[in-house]
Amino acid sequence: MAQQNASAGKTLGAETATQPVFRFAPSPNGYLHLGHAFSALLNLKLAKAHHARLLLRIEDIDPERSRRHFETALMEDLEWIGFRWDEPPRRQSEHLPDYAAALDGLIERGLAYPCFCSRSDIARACAEKMGWPRDPDGAFLYPGACRTLTQQECEARRASGARFSLRLDMAKAIAAVQGPLTYREFHEGEDGLAVVAAPELWGDVLIGRRDVPASYHIACVLDDAAQGVTDVVRGADLEAATGLHRLLQALLGLGAPDYRHHRLVLDSDARKLAKSKSSPCLRDLRARGASPASVRHELARLMKVEF
Ligand code: GLU
């Protein structure tokens, strides 16, 4: 029987009520490597199988690491590998006012607060407490020093020029939604399963950076909604973030796409490939004479997925 995804207005199975939308969302802070190529090609394969539109989103809100030449390079590399997208790419740096407005709304509702602690303040405070819990990315959970600041205290610190980020008040945020929240996860070749979101694993997570009024999490959920994304296909390293994204969607009145978190392409030491490490990027492979077909073939062999 066909399954209905109410949020996306999509019917899986016999006929498609509205055309599904997939997206690939790289950050232009380095050259693309085989892991990105796999994710992009899997999106392409699934989008074709679902007669879906396929979008490219440039996640460039990090001013310290994003570079235009990496954006140009990633588009060239994606075209080289055979990835095609349907609309002009959406660049997150062009939508900062939208993210700021959503963050302001959360502050007004008492669900987010300014935090004046630096990363080193937090690391120092938590390192002193033996066994202080960490979030799924390995960072210490925020101990909460700024959660109880009064409005006057915040204003005084801001007036003195102190820089601040924004944190979600996780306990209040969870209390503000009708829980438990679920999303639909598809594993390879299987029907979607309802997964219960576990946003609490992130504690009072950062949702607004010091330097830009946005964070990966807030920009990602707002853009998935703005672009009408029905199916998110991304690496298993982002699976834990999906529980947090589901909470943000509920808080912001956004529907939830379906998710597929794929296995990561690992290097010969079973470590995740990262742009910052010295794993070969697509450009290096091309310079060494690899063809797009040979890269696709190698990925298909490694990951046991036909492209
Ligand atoms: N920009 C993220 C990355 O390059 C991907 C985010 C996502 O697919 O949600 O890892």
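The values are calculated or read from the model by the stated rules, or taken from the named source; none is laboratory data. The structure displayed is predicted, hence computed values, not measured ones. Note: ideal-geometry Cβ built from the backbone for every residue, glycine included; neighbour counts use all protein chains shown.
Would the range 136-149 turn up any residue that is free of Cβ contacts under 8 Å to residues at least 40 places away in the same chain and of a type in the set (Phe, Trp, Tyr)?
Yes, because at least one residue in the range 136-149 is free of Cβ contacts under 8 Å to residues at least 40 places away in the same chain and of a type in the set (Phe, Trp, Tyr).
For the structure I just gave you, tell me whether PRO114 is over 21 Å from HIS245 (Cβ atoms) and touching a Ser or Thr at 6+ places or on another chain (Cβ under 8 Å). If you could, list the steps in order and put the result at the bottom.
Working: over 21 Å from HIS245 (Cβ atoms): yes; touching a Ser or Thr at 6+ places or on another chain (Cβ under 8 Å): yes.
Yes, satisfied.
What number of residues in the range 112-142 are surrounded by fewer than 15 Cβ atoms within 10 Å (Cβ to Cβ), within 23 Å of LEU238 (Cα to Cα) and out of contact with any strand residue (DSSP E or B) (no Cβ under 9 Å at 6 or more places or on another chain)?
Of the residues in the range 112-142, 3 are surrounded by fewer than 15 Cβ atoms within 10 Å (Cβ to Cβ), within 23 Å of LEU238 (Cα to Cα) and out of contact with any strand residue (DSSP E or B) (no Cβ under 9 Å at 6 or more places or on another chain).
Of the residues GLY192, GLY289, GLY208, which is within 30 Å of ALA100 (Cβ to Cβ) and either touching a Cys at 6+ places or on another chain (Cβ under 8 Å) or of a type outside the set (Ser, Thr, Tyr) (or both)?
So the residue among GLY192, GLY289, GLY208 that is within 30 Å of ALA100 (Cβ to Cβ) and either touching a Cys at 6+ places or on another chain (Cβ under 8 Å) or of a type outside the set (Ser, Thr, Tyr) (or both) is GLY208.
Checking GLY161 against (1) on the phi > 0 side of the Ramachandran plot; (2) in contact with a Gly (Cβ under 9 Å, 6 or more places away or on another chain), which single condition isn't satisfied?
For GLY161, the failing item is (2).
For the range 218-228, which positions are surrounded by fewer than 20 Cβ atoms within 10 Å (Cβ to Cβ) and either within 15 Å of the ligand (Cβ to nearest atom) or more than 18 Å from ALA25 (Cβ to Cβ) (or both)?
The answer is ALA225, ALA226, GLN227.
In this structure, is ARG109 closer than 26 Å to LEU285 by Cα and surrounded by fewer than 16 Cβ atoms within 10 Å (Cβ to Cβ)?
No; evaluated as a whole, the condition is false for this residue.
So, ALA162, is that one more than 14 Å from the ligand (Cβ to nearest atom), at pLDDT 95 or above and more than 30 Å from ARG301 (Cα to Cα) or not?
yes
For LEU166, state whether it is among the aliphatic types (A, V, I, L, M) and either over 21 Å from ASP211 (Cα atoms) or touching an Asp or Glu at 6+ places or on another chain (Cβ under 8 Å) (or both).
The answer is no for LEU166.
Here are GLY253, GLY203, GLY228: which of them is over 22 Å from GLU87 (Cβ atoms) and in contact (Cβ under 8 Å) with a residue 60 or more places away in the chain?
GLY203
Among the candidates ALA241, ALA250, single out the residue that is touching a Phe, Trp or Tyr at 6+ places or on another chain (Cβ under 9 Å) and not in a loop (DSSP other than H, G, I, E, B). Please lay out each step first, then the result.
Working: ALA250 fails: touching a Phe, Trp or Tyr at 6+ places or on another chain (Cβ under 9 Å).
Exactly one residue qualifies, and that residue is ALA241.
Taking the condition buried (at least 16 other Cβ atoms within 10 Å of the Cβ), hydroxyl-bearing (Ser, Thr, Tyr) and farther than 17 Å from LEU111 by Cβ, does TYR183 pass?
Criteria met by TYR183.
Quick check on my filter: what residues within the range 229-267 are within 12 Å of the ligand (Cβ to nearest atom), acidic (Asp, Glu) and over 14 Å from GLU185 (Cα atoms)?
ASP237
Return a yes/no flag: does the range 196-203 have any residue that is buried (at least 16 other Cβ atoms within 10 Å of the Cβ) and of a type in the set (Val, Ile, Thr).
No, because not a single residue in the range 196-203 is buried (at least 16 other Cβ atoms within 10 Å of the Cβ) and of a type in the set (Val, Ile, Thr).
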